[in-house]
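For reference, the structure is listed below as structure tokens.
The values are calculated or read from the model by the stated rules, or taken from the named source; none is laboratory data. A quick note: this is a predicted structure, and the numbers were derived from the prediction, not measured. Cβ coordinates were reconstructed from backbone atoms using ideal geometry, including for glycine residues, and neighbour counts include every protein chain displayed.
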Amino acid sequence: MLVLGLETSCDDTAAAVLQDGKKLLSNVINNQSNIHSKYGGIVPELAGRSHIDHVDKIIRQALQLAEVELKDIDLLAVTIGPGLIGSLLVGVNTAKGISYGLGTPLVGVNHLEGHLLAIFLQKQITFPFISLVVSGGHTDLYRVNNFGQYQLLGRTRDDAAGESFDKVAKMLGHKYPGGPIIEKLATEGDATAHKFPRAYLEKASLDFSFSGLKTSVKTYINKHINDHSANDIAAAFQEAVVEVLTRKTIMACEKEKLSRVVVTGGVAANGALRKAVSAACADSGFESWFPDPVFCTDNAAMIACAGYHKYKNFPDSKADLLNMDATASLLLD
Ligand code: KG4
Ligand code: ZN
């Protein structure tokens, strides 16, 4: 079965062709960071317009690289939310148009389900497992019982972890997206130079909070305007985020009595987080997996993969084209 995945929920216009849920024939992304970086964050109106400009070309490229034609596609999978409404609508309406024109079945995919199932592009994980989805918009812990069965255990109460990376990078004078920049700065920094706060919240809570940490970094920079080391701040900040994410993931395993962990989403591309979670899991006798970094950040291969499993397990999930729509705040569980 050939699936064409389409992802336009935020600032990446992406298309991918996936064969039988596993064999990735193409994975094309047009990233808009050159448009948004000067504003220090994503400008929704510009994101939507750029998707319109690129979506056709990206789909054509994905088909060409996969050496297939649109009429060969057996299933279309498109992100229907959560995300920026103007961006989502471009993907959803493009997919609907193809589906109307060619009669190809279409499934709508929750962006978070795409991140959760990205690991299945590389490895079939035995259910149930704990998944930490950590991106620019979300920091969620799920118990994943099966395809389509996701139980939210905890989530951020304020900023997402990726958002805090982006904001701290901005404070240090860097452009969006900040995560990779902070990671690079941190490699030359001393994490023990400062101790930034870790918010563990109430005892046994699996929720997160990163806004206090962000404020603390801001206060420190303002106080040491001329004598701070960006490398040390990046290292100390990254360590604080990684420590909380790791500890709460282990707590989720203990609470749910599960020993398998998958970490996914843009921040899961971070080497320090991958190392810390792997080590903590190994210490506790748990197994851990991380999609390759290219499948952690937004991509259409994960949407094709989630769409494939959704259609295979729930054939009734085929979209009713007249009623299908994009939803900016779509929930998963
Ligand atoms: O999953 P994603 O591509 O988009 C959303 O669904 O939000 O995640 C983007 C987020 C951004 O906040 C970006 O700064 C962060 O992931 N990110 C990283 C790294 N690479 C991307 N954060 C920390 N370290 C990285 N290497
Ligand atoms: Zn994402």
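Here are a few things to note about the model shown:
- Residue among Lys195, Lys170 that alone is more than 30 Å from Gly307 (Cβ to Cβ), surrounded by fewer than 21 Cβ atoms within 10 Å (Cβ to Cβ) and more than 11 Å from ligand 1 (Cβ to nearest atom): Lys195
- Residues of region 199-232 that are crowded, with 16+ Cβ neighbours inside 10 Å and part of a loop (DSSP other than H, G, I, E, B): Ala199, Tyr200, Leu206, Asp207, Ser209, Phe210, His228, Ser229.
- The residues on offer are Val144, Val133, and the sole one that is within 12 Å of Ala268 (Cα to Cα), buried (at least 17 other Cβ atoms within 10 Å of the Cβ), modelled with pLDDT of 95 or more and under 17 Å from the mean Cα position of the chain (by Cα) is Val133.
- Any hit, region 129-141, residues being charged (D, E, K, R) and within 16 Å of ligand 2 (Cβ to nearest atom): yes
- Residue within region 157-175 that is of a type in the set (Phe, Trp, Tyr), touching a Gly at 6+ places or on another chain (Cβ under 8 Å) and either touching a residue at least 40 places away in the same chain (Cβ under 8 Å) or not in a strand (DSSP E or B) (or both) present: yes
- Residue count, region 166-175 (criterion: away from ligand 2 (no atom under 14 Å from the Cβ) and within 16 Å of the chain's Cα centre (by Cα)): 0
- Applying the set (1) more than 13 Å from ligand 2 (Cβ to nearest atom); (2) at pLDDT 95 or above; (3) assigned to a helix (DSSP H, G or I) to Gly154 leaves exactly one unmet item: (3).
- Considering (1) touching a strand residue (DSSP E or B) at 6+ places or on another chain (Cβ under 9 Å); (2) more than 16 Å from ligand 2 (Cβ to nearest atom), the lone condition that Thr264 does not fulfil carries the number (2).
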